[in-house]
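K.L.:
Right, I'll just put the structure down here and ask away after.
The values are calculated or read from the model by the stated rules, or taken from the named source; none is laboratory data. In this text the structure is predicted, and so the values were computed from the model without any measurement. Every residue, glycine as well, gets a Cβ built from its backbone with ideal geometry; the counts of neighbours run over all protein chains shown.
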Amino acid sequence: MPKKGDLLARFGAKLDIPREALPGSFGLTLSGQHELVVRGCKKILSYGKDRITLALGKAVLEIRGEALFCTAFGARCVTVTGRIVSLCFEEAKK
């Protein structure tokens with residue numbers, strides 16, 4: 001039996017819906033080292049000038065850098081600016 005996520009992905013592709021708009025999905029756009037847009041963010045878990053952690057459904061994204069700042073947050077989308085040094089994904093804890 002196909003997994004639920006696979007069915008949603010195929011259904012979304014047929015309707016030309018971006019993958020990050022589907023439940024449990026997310027997308028990232030990194031512009032150089034100074035701007036990151038995260039689509040599909042459920043909430044901000046921690047916020048500091050050198051580390052920001054975001055809940056992305058079944059995953060957690062940790063952004064590390066210098067002078068990090070959330071310039072926008074809304075409609076499941078977060079924009080982070082500053083000097084981005086690393087991105088790290090982890091499974092969300094239940």
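K.L.:
Six or more apart or on different chains, Cβ under 7 Å: which pairs go from a residue in the stretch 32-51 that's more than 15 Å from LEU87 (Cβ to Cβ) to one that's surrounded by fewer than 15 Cβ atoms within 10 Å (Cβ to Cβ) and of a type in the set (A, V, I, L, M)? Could you list them?
P.N.:
Close Cβ pairs satisfying both conditions: LYS49/ALA67.
K.L.:
Can you pull out every residue in the stretch 29-39 that is part of a loop (DSSP other than H, G, I, E, B) and not small (Gly, Ala, Ser)?
P.N.:
Across the stretch 29-39, the qualifying residues are GLN33, HIS34.
K.L.:
Still on this structure: Checking LEU15 against (1) modelled with pLDDT under 95; (2) out of contact with any helix residue (DSSP H, G or I) (no Cβ under 9 Å at 6 or more places or on another chain); (3) under 28 Å from ARG83 (Cβ atoms); (4) not charged (D, E, K, R), only one condition comes out false. Which one?
P.N.:
Answer for LEU15: the failing condition is (3).
K.L.:
Pick from SER86, SER31: which is modelled with pLDDT of 95 or more, exposed (fewer than 15 other Cβ atoms within 10 Å of the Cβ), polar (S, T, N, Q) and on the phi < 0 side of the Ramachandran plot?
P.N.:
SER86
K.L.:
Also, quick follow-up: Can you work out which of the residues in the stretch 40-91 that are assigned to a loop (DSSP other than H, G, I, E, B) and touching a Gly at 6+ places or on another chain (Cβ under 7 Å) is nearest to LEU28 (Cα to Cα)?
P.N.:
GLY40
K.L.:
On to the next question. Taking GLU62, is it of a type in the set (D, E, K, R), at pLDDT 95 or above, on the phi < 0 side of the Ramachandran plot and under 10 Å from the mean Cα position of the chain (by Cα)?
P.N.:
Criteria met by GLU62.
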